[in-house]
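**Student:** After the structure tokens below, expect a handful of questions from me.
Since every read-out is calculated from the coordinates, none of them should be taken as a lab result. Keep in mind it's a predicted model, so treat the numbers as computed, not measured. Cβ: placed from backbone, ideal geometry, glycine included. Neighbour counts: every protein chain shown.
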């Protein structure tokens, strides 16, 4: 209970705009009434992205269309966290409208705790900022193209999503039903793994039973894939150096570094966008046509989905199958693929409104449902965080978090740093 009181105190004093809903008195009453003894999370305060249903508590998806929506039942993920895990709800976090892109002009910007003039990325901006600011020890977000991993990288925290379908999306307001993932934002790989496993329908063995720590991968047995084309194009110098340092640390520890090639990756990214926009349009078309009060950014962006024909959608889904087959073959030769999470550090707020380049390295894992994680890798321009992303094969969460724990440990001894102003591109 003292932990919850402290985090509510931090929430009350925060000015970063990370939360859309939090009412301390009902939360405290609910926590007092719950029997939390002996449960894995034992009263841990958790913040939920506002597209995850909470019975009797507003779930608006960041949209004026649903500003008065109060669900009658909980999302499966929240029910597991609360009833089985013993978590306590801290509040509902800020997000872009229906989790599309990063800017929500109706609700304003979430300020990056590392630098309030910089963006936090989308769409789980409030969840990442709440963890980075120390308001929430852990937060839950969703990821359809990078929306857990991108804000994790920009805010300097860990962001983990699993294999598509491993965590049910029941009670999570959809963006793309083919690609939506629930994920965790936390301050360490172990914290993310503990909470992630409480949301899954079966134990995954991500942590050691006695210590609840993630056992780092054995370097001599870890095959690390590096792609030096698509996953390096557009990277700021400090981002490129951070990745090079991470790979060098893994190699020095005894990991086998293997070069791979993904020459069709740009095509897959374009196909991801077509599937995303078409799926979102299909879910919202009736209400848009009826004149529902969607925000201008969301309405304009997804209306393009009306122009995507069945033939074009089929071609995009064919590209998805091609990507899945290519990566399945890739993961026969490597255990993890290591890339930057984003090409740049967090952009200035006004720049962040315009750009979608930050999704370049994250869409692939969401497109075909690979488990992926972003961990802090160092800093670049203005001391802003740089994330390193790891991906693994389908249902490879144990390999993924073990490799991430190893890299986290290797980087912790002497975190790589980019240059200051010269690192800006």
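**Student:** Can you give me the distance in nm between label points at residue 68 and residue 264, each placed 7 Å from the Cα along the Cα-to-Cβ direction?
**Tutor:** Once both label points are built, they end up 4.9 nm from each other.
**Student:** A further question follows. Between residue 357 and residue 329, what length comes free when the chain is fully extended (0.36 nm per residue of separation minus the Cα-Cα distance, one decimal in nm)?
**Tutor:** 7.3 nm is the gain from fully extending residue 357 to residue 329.
**Student:** At a Förster distance of 51 Å, what's the computed FRET efficiency of residue 314 paired with residue 409, Cβ-Cβ distance as r, to 0.05?
**Tutor:** E(calc), rounded to 0.05, equals 0.65.
**Student:** Another one. Only counting other Cβ atoms within 10 Å, I'd like 95, 391 sorted with the fewest neighbours first.
**Tutor:** 391, 95
**Student:** Here's another thing I want to ask about it. Suppose only helical runs count, i.e. DSSP H with n ≥ 4. What mean residue ellipticity at 222 nm does that imply for the chain under -39500 (n - 2.57) per run, divided by all residues and rounded to the nearest 500 deg cm²/dmol?
**Tutor:** Counting only the DSSP helices, I get -10500 deg cm²/dmol.
**Student:** Using the scaling law 2.2 N^0.38 Å as the reference, what is the normalised Cα Rg of the chain?
**Tutor:** Ratio of Rg to 2.2 N^0.38 Å for the chain: 0.92.
**Student:** Taking the inverse of the average 1/r across all pairs of different Cα atoms in the stretch 197-312, what Kirkwood radius in Å do you get?
**Tutor:** Averaging 1/r across every pair of different Cα atoms and inverting gives 19.0 Å.
**Student:** Next question, about the same structure. Just the number, please: percent antiparallel of the DSSP beta bridges in the chain, rounded to the nearest 5.
**Tutor:** Roughly 65 percent of the beta bridges in the chain run antiparallel, per DSSP.
**Student:** Counting other beta carbons within 10 Å of each residue's own, what order do 72, 309 fall into, fewest first?
**Tutor:** 72, 309
**Student:** Starting from the Cα-Cα distance between residue 215 and residue 170, subtract it from 0.36 nm times their residue separation and give me the gain in nm to one decimal.
**Tutor:** Using 0.36 nm per residue and subtracting the Cα-Cα distance, I get 13.1 nm.
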